[in-house]
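Quick notes on the structure that follows.
The values are calculated or read from the model by the stated rules, or taken from the named source; none is laboratory data. Since the model is a prediction, treat every value here as computed from it, not as a measurement. Cβ coordinates were reconstructed from backbone atoms using ideal geometry, including for glycine residues, and neighbour counts include every protein chain displayed. Note: accessible area is taken over every heavy atom of the protein model, side chains too, but ligands, DNA and RNA are not part of it. Shrake-Rupley method; radii C 1.70, N 1.55, O 1.52, S 1.80 Å.
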Amino acid sequence: MLTALASKLDSLGFRTLIAKTASLVYPDQSFSVDASGNWVNKQDGCTIVSPTIHTSTYAALREWVLHHWAYCYTPQAGDILVDLGTGIGEEAVIFSPMIGASGCMYAVEAQPTIFACLQRTVECSGLQNVRAVHCAVADVDGETKISDGPVHLANSILAGGSITVPQRSLDSLVREWGLERIDFLRLNIEGAERLAIQGMTDAIQKVRSVAISCHDFC
């Protein structure tokens, strides 16, 4: 009921009021709204910037991320991670400390509004080993269009969107980055995984472990 009430108030433009109230309800977290109207969840371990209300604790987020994405391989210190479809950076705040200063995570996000949130999450959380990259990943280099729906997790280049964004193949990106290995590759790009796979003929030879989200419903 509280979630429904918060959503209703949010839709009516009371996000700042919700943030002040949430800071009292969740004493271990501090909530605010930035100049772009994004929700900011600051707590020990990370700061998450999101276009929608986000109240997950770092501990709960860590459990969720590792359960869903580290089933067969857990990132280690010094690893090179390539994350396609990073979103607002929930996985980044978990993986970054795991790979440490000697590791590097390439966090790739296509949707411009969500990419801006990712950049702020990386900056505010002090993730110095995370490099945010703005592009869609598919089979060839060029441009494509992505959707801008109310549910940011569902934005896709397959949804007939109206926003033009750069498109790259993973082969092209890996050559640009000069990577000799990828210890962990994660794909979560809302149905475009099959296109991305077609564009990683050379790059896949450098990958040790991979987790691919199955969007068969798309």
Over the chain, what is the percentage of antiparallel beta bridges among all DSSP beta bridges, to the nearest 5? 40 percent
What are the equivalent ellipsoid semi-axes of the stretch 1-114, built from the alpha-carbon gyration tensor (square roots of five times its eigenvalues), in whole angstrom, biggest first? 29, 15, 12
Of the convex hull enclosing the alpha-carbon atoms of the stretch 96-145, the direction-averaged projected area in nm² is 4.1 nm²
Please determine, in degrees from 0 to 90 and to the nearest 10, the orientation of helix 2-11 with respect to the longest principal axis defined by the Cα atoms of the chain, where the helix direction is its Cα long axis. 80 degrees
Put TRP69, TRP39 in order of accessible area, largest first, 1.4 Å probe: what do you get? TRP69, TRP39
Exposure rule at most 13 other beta-carbon atoms within 10 Å, DSSP loop trypsin sites (Lys or Arg not before Pro): the chain longest free segment: 1-180
Using a basic spin-label model with each label point 7 Å from the Cα along Cα→Cβ, how many nm lie between THR57 and ASP141? 4.7 nm
For the chain, what number results from the quotient of the Cα radius of gyration and 2.2 N^0.38 Å? 1.03
The chain - percent relative contact order, Cα under 8 Å, separation 6 or more: 15 percent
Could you list which residues have their amide H under 5 Å from that of ILE182, counting only those 5 or more apart in sequence or on another chain, with H placed in the peptide plane? VAL207, ARG208
Taking Cα centroids, how far is the stretch 19-36 from the stretch 47-96 in Å? 21 Å
The stretch 151-215: radius of gyration over Cα atoms, expressed as a fraction of 2.2 N^0.38 Å: 1.19
Between LYS42 and ALA159, what is the label-point separation in nm under the 7 Å Cα-to-beta-carbon projection? 3.1 nm
